[in-house]
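Take a look at the structure below.
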Amino acid sequence: MTSDLNALMDVFPEFIRQPLAAQQNLDDLIEVVMDLGRRPKAYFTNREIILSDTVITRADINEVVAHIGEFMGDNRAGIERTLHRISAIRNRRGDIIGLTCRVGRAIYGTIDIIEDLLKTGKSVLLLGRPGVGKTTLLREAARILAEHKRVIVVDTSNEIAGDGDIPHPAIGKARRMQVPKPELQHEVMIEAVENHTPEVIIIDEIGRLEEAEAARTIAERGVQLIGTAHGNTLDNLLVNPTLADLVGGIDSVTLSDEEARRRNTQKSVLERRSPPTFDILVELQDRNQLAVHHDVARAVDDLLRGRLIQPEIRIRDESGKVTIEPAKSASKPHLVKKQRQDFPQESFANGKRHATPTEQTAANPFSTENPAAEDTEADDEKLSRKRIFVYGVNHNRLRQAANALRVPIEIVPHLSQADVAITLKSHYRKRPQPIIEAEEKRIPLYILRANTQHQIEKCLIDVFQLTLADTDTLSIAIRETQEAIKRVLRGENSIELSPQEAFIRRKQHEMARQSNLISQSRGKDPRRRVKIFRQ
């Protein structure tokens, strides 16, 4: 571990430097805080101390500023050829009235806990709260990967490779591109790809929508991305309207009133919009423990469907040995298999299954109170494979829906091989020959209003006679709020959300505040709801 601590000590006034140097375990020093009119304070990993009874004056602050680099647009400066970071607090006139002097350290040998992930060639996103060690891991990643690949570090605040024009040795052979202004980071990211043919790009603190979009552009060009973002878990990222695109983004599908009642859900249902920018997500729980999602797309899909995901856990003990607890499969929603009923002919249209007058009426497949249902878990092995003939329905979406519900299907090319047939309402009205033949042969026929994955999933639940037992109302409400925030940030004046209980409305107000938007509650219970506005 190298910290160049003496270089930082030299910029402090004598009444701070001497008591600081007298402290034990300076390797545990995190930062020194200087605020105008207050006593200087030092923060260590497990304690904080007052360094002097002398209060800080403007002359003391100016003395420190004179010995460091220039403050940029993000109010950060550094000390040349070191990793230390000095951040300024300014008053309304722009004068500096406070300094946070953070110790920067190059800690070697910490990358072993995720080194195998980096060498897969897949893009990796590190997620964690401030101070948990994300930037330290980025330096090590740059050094290790640069031994065999062309690596570019996009260094927004010179925090990865230090201040000055010559990068710190901690990044090894990697090259560093500095960013003139924080708001231009996305432009430098694109410039790095277009001008310098990197195999790997390393980015710290992706925090703006433009940076998320630039990251997607880079990933689509086949460049490996190693980046960081603030947040604790994948759930946090999904409800962040700015950064959700890093894991695929979320689109809202609006259900009809009848369909929402049948599914026992809110009218807005969210689905993943596109493939994630990052293939692997690492949640840094602390410096020696992290959780790994090896397949971000699968993890996001499971979360959106209310499944409990259990990622791989990696822990480094005091001796440096890394132990890995394998990931567990996502817990499925409670699916209940209903007693079979034989229907000579049936169809599924306008969100409702229909039967001929001589047939027994089918029970609601989404009802949680079905007296004919067996209270048993429906595993894939217990469900018989359905051979499905489709007419006008997207095959890939049908397979994706089957995978999401974990039901076994086989798409067959001929109606004579099928157990059931599925078509669209627009095709059914034209009465093509396969539809007429299916009715003549009394093959169960399901008719979809639209060629969407949501409609297809609903149909498969009906085909396999499954009941969805529980709905996570809070989760759905949060995702509806996230989608509304994105729409308002993109220019809409206001969005009114679905009615919710008080504790959910409080969460919605909190999300709006975090996005610098205005929110108000309207109406009376049980129809009281939140409306989100632009400022």
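Please count how many residues of segment 148-165 are closer than 21 Å to E199 by Cβ and acidic (D, E).
Summing the residues that are closer than 21 Å to E199 by Cβ and acidic (D, E) in segment 148-165 gives 1.
Name the residue, out of R58, R17, that is of a type in the set (K, R) and either out of contact with any helix residue (DSSP H, G or I) (no Cβ under 6 Å at 6 or more places or on another chain) or modelled with pLDDT under 90 (or both).
R58
Looking at (1) assigned to a loop (DSSP other than H, G, I, E, B); (2) under 16 Å from A141 (Cβ atoms); (3) not aromatic (F, W, Y), can you tell me which one L126 breaks?
(1)
Kindly indicate which of R38, R81, R102, R76 is modelled with pLDDT under 90 and among the basic types (K, R).
R81
Filter segment 169-190 down to the residues that are of a type in the set (K, R) and part of a loop (DSSP other than H, G, I, E, B), then identify the one that is nearest to the chain's Cα centre (by Cα).
Selected residue: K181.
Is it fair to say A512 is closer than 27 Å to N394 by Cβ and either surrounded by fewer than 16 Cβ atoms within 10 Å (Cβ to Cβ) or touching a strand residue (DSSP E or B) at 6+ places or on another chain (Cβ under 8 Å) (or both)?
No, not satisfied.
Specify which of the listed residues (V193, V200) is within 29 Å of S274 (Cβ to Cβ), in contact (Cβ under 8 Å) with a residue 24 or more places away in the chain and over 22 Å from the mean Cα position of the chain (by Cα).
The conditions single out V193.
In contact with a strand residue (DSSP E or B) (Cβ under 6 Å, 6 or more places away or on another chain), outside the structural domain of G164 (by TED's automatic domain parsing) and at pLDDT below 90, is that true of G69?
Answer is yes for this residue.
For the subset of segment 286-310 comprising residues that are crowded, with 17+ Cβ neighbours inside 10 Å, closer than 15 Å to G128 by Cα and not basic (K, R), which member is farthest from the chain's Cα centre (by Cα)?
Applying the filter and picking the extreme gives L290.
Restricting attention to segment 308-324, does a residue exist that is at pLDDT below 90, closer than 29 Å to D462 by Cα and among the hydroxyl-bearing types (S, T, Y)?
The answer is no; no qualifying residue exists.
Scan segment 496-514 and give yes if some residue there is farther than 20 Å from L238 by Cβ, at pLDDT 85 or above and in a loop (DSSP other than H, G, I, E, B), otherwise no.
Yes - at least one qualifying residue is present in segment 496-514.
Of all residues in segment 100-112, which are touching a strand residue (DSSP E or B) at 6+ places or on another chain (Cβ under 7 Å), assigned to a loop (DSSP other than H, G, I, E, B) and of a type in the set (A, V, I, L, M, F, W, C)?
V103
Applying the selection to segment 148-168, what residues are touching a strand residue (DSSP E or B) at 6+ places or on another chain (Cβ under 6 Å) and either surrounded by fewer than 15 Cβ atoms within 10 Å (Cβ to Cβ) or part of a loop (DSSP other than H, G, I, E, B) (or both)?
Those that are touching a strand residue (DSSP E or B) at 6+ places or on another chain (Cβ under 6 Å) and either surrounded by fewer than 15 Cβ atoms within 10 Å (Cβ to Cβ) or part of a loop (DSSP other than H, G, I, E, B) (or both): K149, S157, N158, E159, I160, A161, G164, P167.
Just name the residue that is nearest to I485 (Cα to Cα) out of those in segment 515-535 that are part of a loop (DSSP other than H, G, I, E, B) and of a type in the set (S, T, N, Q).
S515
Among the residues of segment 133-149, what is the count of those that are aliphatic (A, V, I, L, M) and closer than 19 Å to H84 by Cβ?
Counting residues in segment 133-149 that are aliphatic (A, V, I, L, M) and closer than 19 Å to H84 by Cβ gives 3.
Assigned to a helix (DSSP H, G or I) and within 15 Å of the chain's Cα centre (by Cα): which single residue out of A219, A212 fits that description?
The unique qualifying residue is A212.
Filter segment 399-409 down to residues that are without any contact (Cβ under 8 Å) to a residue 60 or more places away in the chain and within 9 Å of Q453 (Cβ to Cβ), then give me how many there are.
The qualifying residues number 2.
If a residue must be among the acidic types (D, E), touching a residue at least 12 places away in the same chain (Cβ under 8 Å) and farther than 24 Å from D4 by Cβ, how many such residues does segment 116-173 contain?
Residues flagged as among the acidic types (D, E), touching a residue at least 12 places away in the same chain (Cβ under 8 Å) and farther than 24 Å from D4 by Cβ within segment 116-173 amount to 0.
Among the residues of segment 33-47, is any β-branched (V, I, T) and surrounded by fewer than 17 Cβ atoms within 10 Å (Cβ to Cβ)?
Checked segment 33-47: at least one residue is β-branched (V, I, T) and surrounded by fewer than 17 Cβ atoms within 10 Å (Cβ to Cβ).
The values are calculated or read from the model by the stated rules, or taken from the named source; none is laboratory data. Owing to the predicted nature of the structure, the values given are computational and were not obtained by experimental measurement. All Cβ positions, even for glycine, are placed from backbone atoms using ideal geometry, and neighbour counts span all protein chains on display.
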